[in-house]
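So the structure is just underneath, and the comments pick up after that.
No value in this document is a laboratory result; all are computed from the given coordinates. Everything numeric in this text was worked out from a predicted model, so none of it was measured. Note that each Cβ is placed from the backbone with ideal geometry, even for glycine, and that neighbours are counted across all protein chains shown.
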Amino acid sequence: MLPKQKPLYNHATLDTFFLGPTIGKGTFAKVKFARCLMTKKRFAIKILKKSQSNFSQKLFLEEVAHLGLIQHKSVPACFRYYESVQYIKKNGQSYEVAAIVMEYMPNGDLFSYIQLGGGLHEDVARTCFRTLIETMEDVHNKGVAHRDLKPENLFFDEEFNMKIGDFGLAARFKNEKGLIPLYGEFGTKIFMAPEISVKSAHNGERVDIFSCGVVLFAMVVGVPPFNSANAKEDFLYNLIANKNFDAFWEFFEIRLKMNLSEEVKDLINAMISCIPYERPTIQQIKGHLWYNGPVLNSEGMKEALGGLKEKIDAEYWKERKQQKEAKEKAKAEMMMLLMMQKQQYMKMPLAFTGVQLKK
Ligand SMILES: Nc1ncnc2c1ncn2[C@@H]1O[C@H](COP(=O)(O)OP(=O)(O)O)[C@@H](O)[C@H]1O
Ligand SMILES: [Mg+2]
């Protein structure tokens, strides 16, 4: 922490930006709403404290490098990177941070919609899925694998166009010389391909296709398909690994009283196969019957998701109010405790305290 300084504004600031509420928190970084002091335009700023580990600093830097390489209409634009800048809080406290200034995605992430509204209509899901697949095709063509595709990392812009964010775990999986095998256990268990969990070398494209299959499942069903793609430990993934698809789907359809098209189930079954080379390629996904069904335009997406967005915002503000109240209550209790201690102290004979107390 840097020494406290007198804040110039009644807002937290970072260079020429006012910082608003935190809109998302990840493992290492925080994403804050921001407004440019000069242009008044909105941004999202991803902030990483310089006091965080070297490993997280390295990932942050790599994320910037990947964003620079990708630059795609369906990936939130990255406008500026600060390797080191002062983040001055409203109370004057300041920290040294690294920061990425990004395009603000006002309609939040896909996770909030699924969490609140359950499974999406297949046409809505297809609209999002097509953007996901087409974007990943371009990202893969640039030699980058995302490795953390999940609903929390898929955002919506003003017009409800979906964009793929959080390239914090991305990696180069091919260059001019050919494929680069990837190692290491990265990502989020539920969306992680089985070959990653067993710590073997993995193919960047195929692990992303697996995650896209799990995302598609979560979109149409409203819950994830399993806890982890481990056929030994997870009985639902065991059904997939043994190609016992009827029993797998029955498990969800009976409990959730839902009826999905055979085509979407067929596509998901193939994408979440435990054998990497059995998963369809992006070209094969694009040729699938379900993929080529109807999609919605921006108006249709607004109609489908706009109502949920209002509820998501109401929940967000309710939660923030509760957090603020809990913080204030804890502060009041602490003050009370300190007052009581001070009173007790003042009752003591001065000989014990050794100090002159002001009343
Ligand atoms: N450009 C953005 N606009 C609006 N919200 C965002 C943006 N980027 C991230 N967020 C929010 O912040 C959360 C965390 O950001 P993310 O980039 O996924 O960081 P992490 O690597 O910490 O998971 C996201 O799930 C999302 O809710
Ligand atoms: Mg994330």
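Any idea which of ALA229, HIS288, GLN86 is furthest toward the positive side of the dipole for the chain, if Lys and Arg beta-carbons carry +1 and Asp and Glu beta-carbons -1? The listed residue farthest towards the positive side: GLN86.
Qualifying chymotrypsin sites (Phe, Trp or Tyr not before Pro) in region 108-199, where qualification requires a DSSP coil assignment and no more than 12 other C-beta atoms within 10 Å, comprise TYR183. Approximating the spin labels as points 7 Å out from Cα along Cα→Cβ, the LEU37-to-ASP266 distance works out to 6.0 nm. Largest first, the extents of the alpha carbon coordinates of region 1-104 on the three principal axes equal 40, 33, 20 Å. By the count of neighbouring beta-carbon atoms within 10 Å, fewest first, ILE272, ILE190 end up ordered ILE190, ILE272. Taking amide H atoms as placed 1.01 Å from N in the peptide plane, the amide H of ALA229 lies under 5 Å from those of MET192, each 5 or more residues away in sequence or on another chain.
Modelled spin labels at LYS177 and GLU158, positioned 7 Å past Cα toward Cβ, are 4.6 nm from each other. Taken about its Cα centre, region 14-103 carries a charge dipole of about 420 debye when Lys and Arg each add +1 at the Cβ and Asp and Glu each add -1 at the Cβ. Pairs of Lys residues in region 200-338, spaced 8 or more positions apart or belonging to different chains, with C-alpha separations under 25 angstrom: 23 in total. Calculated mean residue ellipticity at 222 nm for the chain: -14000 deg cm²/dmol, from DSSP H runs with n ≥ 4 weighted as -39500 (n - 2.57), summed, divided by the residue count and rounded to 500.
The distance from the alpha carbon centre of region 157-193 to that of region 88-132 is 17 Å, rounded to a whole number.
In what sequence do ARG320, ARG80, ARG126, ARG255 fall when counting other Cβ within 10 Å, fewest first?
ARG255, ARG320, ARG80, ARG126
Between ASN259 and LEU289, what's the calculated FRET efficiency when r is the beta-carbon distance and R0 is 22 Å? Round to 0.05. Computed FRET efficiency for ASN259 and LEU289: 0.80. Between ASN91 and GLU310, the simple label model (points 7 Å from Cα in the Cβ direction) yields a spacing of 3.7 nm. Rounded to the nearest 20 debye, the dipole magnitude of the chain is 2520 debye, with +1 charges on Lys and Arg beta carbons, -1 on Asp and Glu beta carbons, and the Cα centre as origin.
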